[in-house]
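Structure, as structure tokens:
The values are calculated or read from the model by the stated rules, or taken from the named source; none is laboratory data. Please read these numbers as outputs of a predicted model, since none were measured by experiment. So basically every Cβ, Gly included, is an ideal-geometry build from the backbone, and we count neighbours across all protein chains shown.
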Amino acid sequence: MTTDRTHRNRKRALRIAHFIGLFIAMSIICIPGLWIVLNSFRPTVEIMAKPPVWIPNELNLDHYRAMFGGNGQGGVPVLTYFRNSMVISVTSTIIALLVGMGGGYAFARYRFKGKAALFVGLMATRAVPGVALSLPLFILFARIGIIDTHFGMILAYVAMNVPFTVWLIDGFFRQVPRELAEAAEIDGCTRWQAFWRVEFPVARAGIASAGIFAFLTSWNEYALASQLTRSVYSKTMPVGLLDFTSEFTLNWGGMCALAVLMIIPALILTFLVQKHLIAGLTFGGVKG
Amino acid sequence: MVTPSIDLPNGLLMTRLKLPPWLVLLLPAILILMAVVLIPLLLSLYSSFTSYRLTRPDSITNWIGTFNYEKAAKDENFWAAFGRTVLFLTIALNLEMLFGLGLALMVSKVTKGQRLLRTVMMFPMMFSPILVGFQFKFIFNDNVGLVNNALQSLGLSSTAIPWLVDGKLALFSIAFAEIWMSTSVFGILILAGLYAIPQDPLEAAKVDGCTSWQSFRFVTLPFLMPFIYIAMAIRSLDVARAYDMVQIMTNGGPARRTELLWTLIGRTGYVDAKMGYANAMGYISIFLAIFFTVYFFKKLTSARAELGMGG
Amino acid sequence: MAQVHLRSVVKKYGGLQVVHAINLDIADGEFVVLVGPSGCGKSTTLRMIAGLEDISGGEVLIGDRVVNDLPPRERNLAMVFQNYALYPHMSVRENLGFSLKIAKRSQSEIDRAVDDAAEILSLTPLLDRKPGQLSGGQRQRVAMGRAIVRHPDVFLFDEPLSNLDAKLRTQMRVEIKKLHQRLKSTIVYVTHDQVEAMTLADRIVIMRDGHIEQIGTPLEVFERPNTTFVATFIGSPPMNMLPARVGGGRVVLTDGTAFDIPPGHKVEEGQDVIFGARADNIMPVGHSLPATEHVAEVKMSVQLTEPLGTETLLFAQLAGQEVQAKMLNPRPVASGEVLTFQINLDKCHLFDAETGASLRV
């Protein structure tokens, strides 16, 4: 009977340790982000106060008002940046998805010589660090004259996202049994109809999540954008964040407000896609 | 098996070009990657053998052989940054893996509200690396930052700790930010692995007399290894994300104490305008990234074979 | 070696109760089979004995120890799982020796135990393979070997043969029975297959909806089923069940056909009953066993035949219901042919129509 009791006590101790550990981990994950959100609503005086003000006296929308009020405080054209980001991210995502669907389908359904090597080759292009790529791309884009244009950015982001979308979509198509398309062909579909009417709808959720992943990558990218965009005409939000800094001062409040604006779409999309994303990454990877 | 001779969708076009269907499907991907990645890389390979400077476009024809590479090989700053990058990555990736494993194990044991915790766990993944940089630059700010404010209010420190100014502390702060940003990648993938583990062998291990630790060590962990390697491979594909963050937090300073390969390349190329030299160093960083990626993919394959999952 | 006792064992998931206060005493060295349709709580019961499920109420004893809160590793059991549960990253040798390694036995001892087990199950040539390279039957044997190696107090089997094809299943059934005779250890075995239960068990425990319906030797449950459920579950083809009423001291079917009350049953006049007779006890005249004391004769038209070689299964119509009968020394029977059948009333049963309980005294 004594052993019974020690076992029960140990179980209880483990449960408490588990709870505390989880609490600490979740705090570390959440607090930095919440701190940013909180500060976007606080007046600059309070952010800079010494000694620090812990309980906010006043929360207001000043930073947001300044941000959307055109060239108000700091003169950062946030709305233009937001639009640039949207246009570039959405367009490059759609193209990357189409290209990725072709590639992913080829890898999932056809056998050909050098398939493994080609796959690794595609993946390796993703391993090229943005900084290292930005140098020659800058030279090249400047030569062709597509620097500081939406087109140039879209092109760069499509290339950046294709390896990943190919990988994910390959994984999703692999989960669709080959017999499904074969049955459709016997039922009278052409190969193309079999793909479009049967395989695509079945893998649709997975493809959507690959799209959201590509969108987030473009939406958050900085290393390439910081070199390939020069002016209000094509600057994206991550690059725009730097407008709040100058040599010696930093407009913390304004930056926090822009940060919140950047996070919200990402937050919504990630929430929508989380389940498929995990499935996609693991199926694509583990089942090889 | 489908042979390439089969007529495809809009079969007309394909048969006229006589390309196998897989190639037609892959062609857009191949073309765009050639145009945006391969050709620029060849260009940068070429320019790394010249004295090309942004300010003097004609210098791109000035062939100087392997001079840039020799210069890099002799450059103390370069080797310091190289060593620091490898060290930084090794420490960060391993810690991320450990924390991610711990986090995933804790979340998987929760019975109520697991969905919510899983979403919270993915929170940092949504942050742009540059945003993470700003966020932690703010939080570690010696004057108005959250950390110093908290330490001082709690009376744990009377002076402002120069988190981003002192060399060692700055490296710690950067590592902290990097780990905050990327632990969830490991956490989420390992959690997926935990869900995928068949329950039978775990129960068999319990009946076979394993303590919880032994079941973890001999059954859970071998099952998780492929997932850990996938996470490692994915992470090594975009370790350079850390560049955005470091550039904002310290930009390699103070006095090059936090200089990583990528910040060094960025500065040499754009600030000092020595494109040729920067490209030479860029190549070295590319090989570093590819090395890590291939290494982990290899590990993944062997771990899969070990579990009999096949390739 | 040990006995196992269940005392009012209950299992609840939240508000849902899946095992209702079960009592069961298993003797040392006994082979007990828990059988029942899926969802009857038999696997849950086994897993509570193993310690893989918490016990919501009551007590489980192994030997004389209450093991309710003991983790599985301290119960000294071995278990064979339906999906074998082999460790895929270990070779057969490592799989077999794993539990001993965990118990920190010496390497020479582990080697000896593994070699013995491999010898018994003829796994010796496969010792260095991984589970992924084995066939279903081989994996099954490794799973059993893993159990043998431990010399446990109790063996637990959770539907171990259900993933094998029919031929292999028969073969493994014999091997399990031999193993029990050799090791003489206590075995608790779960299956949904009544043939497995009949062939293997010293005693069968028939479960339904979290309750025990009947406990008994294979012959007891076959010849004296306590309830209609047991009567239809045990035996193949299932027992024919015909609704009837007691009238004028006889059993009257819905179409007026009447038989004598089968001996050994206590009924009341006007009581609604169910008349149960196995196919083995309904045979056409001239193709039956020698007549016994109490026999009823009835004419039925044959709808369908299933020749099995030594006998033919006949599907006939009686009182608007399908009845299965057997024909010995078979001859061809045309569909629609009317034959006279003899029903051996000594082997027939009456159940209460309302409760389904046997009316045998």
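Here is how the numbers come out for the structure above:
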item: Pair list, Cβ < 8 Å and 6+ apart or interchain, from the stretch A:31-52 residues that are within 18 Å of B:N143 (Cβ to Cβ) to residues that are part of a helix (DSSP H, G or I) and β-branched (V, I, T); result: A:P32/B:I139; A:W35/B:I139; A:I36/A:V260; A:N39/A:I47
item: Criterion (more than 29 Å from B:I265 (Cβ to Cβ) and in contact with a helix residue (DSSP H, G or I) (Cβ under 9 Å, 6 or more places away or on another chain)) met by exactly one of B:A104, B:A92, B:A81; result: B:A104
item: Tally of residues being within 15 Å of the chain's Cα centre (by Cα) and either in a loop (DSSP other than H, G, I, E, B) or surrounded by 20 or more Cβ atoms within 10 Å (Cβ to Cβ) (or both) across the stretch C:230-248; result: 8
item: Residue within the stretch A:187-203 that is modelled with pLDDT of 80 or more, assigned to a helix (DSSP H, G or I) and within 19 Å of the chain's Cα centre (by Cα) present; result: no
item: The stretch C:14-26, residues that are closer than 13 Å to C:V205 by Cβ and of a type outside the set (S, T, N, Q); result: C:V19, C:I22, C:L24, C:D25, C:I26
item: Test: residue in the stretch A:214-231 that is part of a loop (DSSP other than H, G, I, E, B), in contact with a Phe, Trp or Tyr (Cβ under 6 Å, 6 or more places away or on another chain) and in contact (Cβ under 8 Å) with a residue 40 or more places away in the chain; result: no
item: The one condition in (1) at pLDDT below 90; (2) in the same structural domain as C:M144 (by TED's automatic domain parsing) that C:I110 fails to fulfil; result: (1)
item: Qualifying residue in the stretch A:89-103 (condition: among the polar types (S, T, N, Q) and at pLDDT below 90); result: no
item: Odd one out for A:A259 among (1) small (G, A, S); (2) part of a helix (DSSP H, G or I); (3) surrounded by fewer than 17 Cβ atoms within 10 Å (Cβ to Cβ); (4) modelled with pLDDT of 80 or more; result: (3)
item: Candidate set: the stretch B:172-223, residues that are aromatic (F, W, Y) and under 30 Å from A:P32 (Cβ atoms); chosen: the one nearest to the other protein chains (Cβ to nearest Cβ); result: B:W180
item: Helices (runs of 4 or more DSSP H) enclosed by the stretch B:115-210 - at least 1 residues per element that are charged (D, E, K, R) and more than 27 Å from the chain's Cα centre (by Cα); result: B:199-207
item: Considering residues of the stretch B:270-282 that are surrounded by fewer than 20 Cβ atoms within 10 Å (Cβ to Cβ) and not small (G, A, S) only, the residue nearest to the chain's Cα centre (by Cα); result: B:Y270
item: C:A291 in contact (Cβ under 8 Å) with a residue 12 or more places away in the chain and within 13 Å of C:P237 (Cβ to Cβ); result: no
item: Set B:K109, B:K74: member being modelled with pLDDT of 85 or more, surrounded by fewer than 18 Cβ atoms within 10 Å (Cβ to Cβ) and away from every other protein chain (no Cβ under 12 Å); result: B:K74
item: Flag if A:L267 is within 11 Å of chain B (Cβ to nearest Cβ) and free of Cβ contacts under 8 Å to residues at least 60 places away in the same chain; result: yes
item: Of all residues making up the stretch B:141-169, the number that are in contact with a Phe, Trp or Tyr (Cβ under 8 Å, 6 or more places away or on another chain) and small (G, A, S); result: 2
item: Identity of the residue in the stretch C:249-261, in contact with a Phe, Trp or Tyr (Cβ under 8 Å, 6 or more places away or on another chain) and touching a residue at least 40 places away in the same chain (Cβ under 8 Å), that ends up surrounded by the fewest Cβ atoms within 10 Å (Cβ to Cβ); result: C:L253
item: Selection from the stretch B:224-244 of residues that are more than 9 Å from chain A (Cβ to nearest Cβ) and crowded, with 21+ Cβ neighbours inside 10 Å; result: B:L224, B:I228, B:M232, B:R235, B:A242
item: Restricting the stretch C:72-85 to residues that are crowded, with 23+ Cβ neighbours inside 10 Å and more than 7 Å from chain B (Cβ to nearest Cβ), the residue that is modelled with the lowest pLDDT; result: C:Y84
item: Residue list for the stretch C:300-350, filter: assigned to a strand (DSSP E or B) and hydroxyl-bearing (S, T, Y); result: C:S301, C:T305, C:T312, C:T340
item: Hits in the stretch A:204-224 (condition: within 13 Å of chain B (Cβ to nearest Cβ) and modelled with pLDDT under 85); result: A:S209, A:I212, A:F213
item: Helices (runs of 4 or more DSSP H) lying entirely in the stretch A:17-133 (those with 3 or more residues that are of a type in the set (A, V, I, L, M) and under 28 Å from the mean Cα position of the chain (by Cα)); result: A:78-109, A:115-126
item: Qualifying residue in the stretch A:141-154 (condition: on the phi > 0 side of the Ramachandran plot, in contact with a Lys or Arg (Cβ under 7 Å, 6 or more places away or on another chain) and surrounded by 15 or more Cβ atoms within 10 Å (Cβ to Cβ)); result: yes
item: Residues located in the stretch C:301-325, provided they are in contact (Cβ under 8 Å) with a residue 40 or more places away in the chain and buried (at least 21 other Cβ atoms within 10 Å of the Cβ); result: C:L318, C:V323, C:A325
